[in-house]
Every structure is written in structure tokens, then in C-alpha cells.
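Every number in this text was worked out from the coordinates using simple rules, so none of it is lab data. What you are looking at is a predicted structure, and each value in this text was computed from that prediction instead of being measured. Don't worry about glycine lacking a Cβ; one is built from the backbone with ideal geometry, like all the others, and counts go over all protein chains shown.
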Amino acid sequence: MSWSFSMATPTDTRRIGHHYSEHTAIKLYGSVRYPEAFKYPALECYLYVDPLLLSDKSVPRCIGSMQATGKKLIVYVAVHNDRFNSLVIAASRLVALEINAEPLRYRKAKVMGIHLSTELESDW
């Protein structure tokens, strides 16, 4: 499996304000492999910068969200600044994305965690 990715720069998106003034995102495209008979076979995942994610202020209830539309599952995941730079470097080598989320309810769910890999595991 291969991923296509693109980056949005601050000039591509409107200024949101507050601590999100530098809005950068990696967009991953792929297909859902497990569960096999999933009714949303296409996947778009947006990894975006959240500088307050690892701050000591409070523990977030989730790191992102997902929603299903048509035959596509769209996922938004916050990543801290320090880890985002590593993702940009490794983006062309990503082969797998595992999403830990609540079950879809009314085609929406909270994302609790993700696992990105540059190698396929033996049980996949």
C-alpha cells in the first residue's frame, strides 16, 4: 500500500488566530484494510499541528475526530510541533496507519490515538 501526501502552508489556508496561526497539515490518502467489509473503504487523514497538545495545562479527551461521508472516512488528528517535523521527513515512507477511535455514532467519532508505520507488520 502506498500513501499520497500533500502539505498546506499558511498561505493556503486562512488565518484562524490564537495559537493556530501557523496552520500546516499533512494529508494522507489510502484505503481501509481492516475491518475487511468496512462500508467506508476510502480514507483521508489530515495530520495538523497543535502546539498545545503536550502542554501541562490539561489532558485532552481525544487527539482528533473522524467522520464518514459517502464512501469515504475523513480523519483529523492533532500532532505536536516537535513530532510534526519528523512526520514531514518520513511522509514518503509511510505504509500503514492504525487508528484507535470510538465506534462511529451518527457517522462521527473521537480519535484516541494513531500509529504510523514505515513497515507492514506480519499480521497485517
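Values computed for the structure shown
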{"quantity": "Amide H partners (placed H, <5 Å) of L28, local residues excluded", "calculated": "C45, Y46, L47"}
{"quantity": "Sorted peptide list for 99-111, 24-36, criterion being average Cβ within 10 angstrom, highest first", "calculated": "24-36, 99-111"}
{"quantity": "Net charge, E102 excluded, C-beta distance under 11 Å - Lys, Arg +1, Asp, Glu -1", "calculated": "+4"}
